Amino acid sequence: MSPLTITVRDAATGPVLKISGDLDHETAPELREAMDGLTVATGRLLVLDLAGLDFCDSSGISALLTARNLAGEQGGTIALAAVPSHTARILRITGLDQVLTIHPDATTAIARSSAAS
């Protein structure tokens with residue numbers, strides 16, 4: 001089991017959360033706690049950089065959806081970046097790849113959001 005680490009940085013388009021380790025039943029509340037302190041202003045983008053994600057179960061998927069909902073409640077949007085293949089597969093099977101915006105990396109997510117602004 002890999003411990004979950006979440007680091008937050010600001011980008012021109014909004015906050016970027018780099019999520020590494022295991023996002024599961026035990027650690028999903030940590031993502032929700034990290035979201036509690038964030039503001040995703042109207043028109044801003046929250047990027048969840050999953051490049052370091054080792055494992056994600058249904059509780060982790062639920063936490064990603066909670067992040068999406070919290071960003072939306074504040075008027076912002078969300079994008080997932082660098083989604084590992086094991087998590088991308090779950091998103092495809094559940095149809096969430098049609099609900100969540102997915103980019104190959106955080107730089108691309110930020111650039112595309114900047115270009116759209």
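A short reminder: the numbers here are calculations on the coordinates, not readings from a lab. In this text the structure is predicted, and so the values were computed from the model without any measurement. Cβ placement follows ideal geometry from the backbone for every residue including glycine, while neighbour counts extend to all protein chains displayed.
Answer yes if at least one residue in region 44-58 is surrounded by fewer than 15 Cβ atoms within 10 Å (Cβ to Cβ) and either under 10 Å from the mean Cα position of the chain (by Cα) or closer than 20 Å to Asp10 by Cα (or both), and no otherwise. Step through it out loud before you land on a result.
We begin by selecting, within region 44-58, every residue surrounded by fewer than 15 Cβ atoms within 10 Å (Cβ to Cβ); these are 51, 58.
Right, trim to either under 10 Å from the mean Cα position of the chain (by Cα) or closer than 20 Å to Asp10 by Cα (or both) and you get 51.
Scanning region 44-58 turns up at least one residue that is surrounded by fewer than 15 Cβ atoms within 10 Å (Cβ to Cβ) and either under 10 Å from the mean Cα position of the chain (by Cα) or closer than 20 Å to Asp10 by Cα (or both).
Within region 13-42, take every residue that is hydroxyl-bearing (Ser, Thr, Tyr) and buried (at least 21 other Cβ atoms within 10 Å of the Cβ) and give me the one that is nearest to Ile78 (Cα to Cα).
Only one residue fits best here, namely Thr13.
Can you tell me which condition Ala51 does not meet? The list is (1) closer than 18 Å to Thr108 by Cβ; (2) in contact with a Phe, Trp or Tyr (Cβ under 6 Å, 6 or more places away or on another chain), and all the others hold.
Unmet condition: (2).
Residue by residue, here is whether (1) free of Cβ contacts under 8 Å to residues at least 12 places away in the same chain; (2) among the hydrophobic types (A, V, I, L, M, F, W, C) holds:
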site	(1), (2)
Asp57	no, no
Ile61	no, yes
Ile78	no, yes
Ala81	no, yes
Thr87	no, no
His103	no, no
Ala111	yes, yes
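Select from region 78-99 the residues that are surrounded by fewer than 19 Cβ atoms within 10 Å (Cβ to Cβ) and within 24 Å of Arg44 (Cβ to Cβ) and list them in ascending order.
Leu96, Asp97, Gln98, Val99
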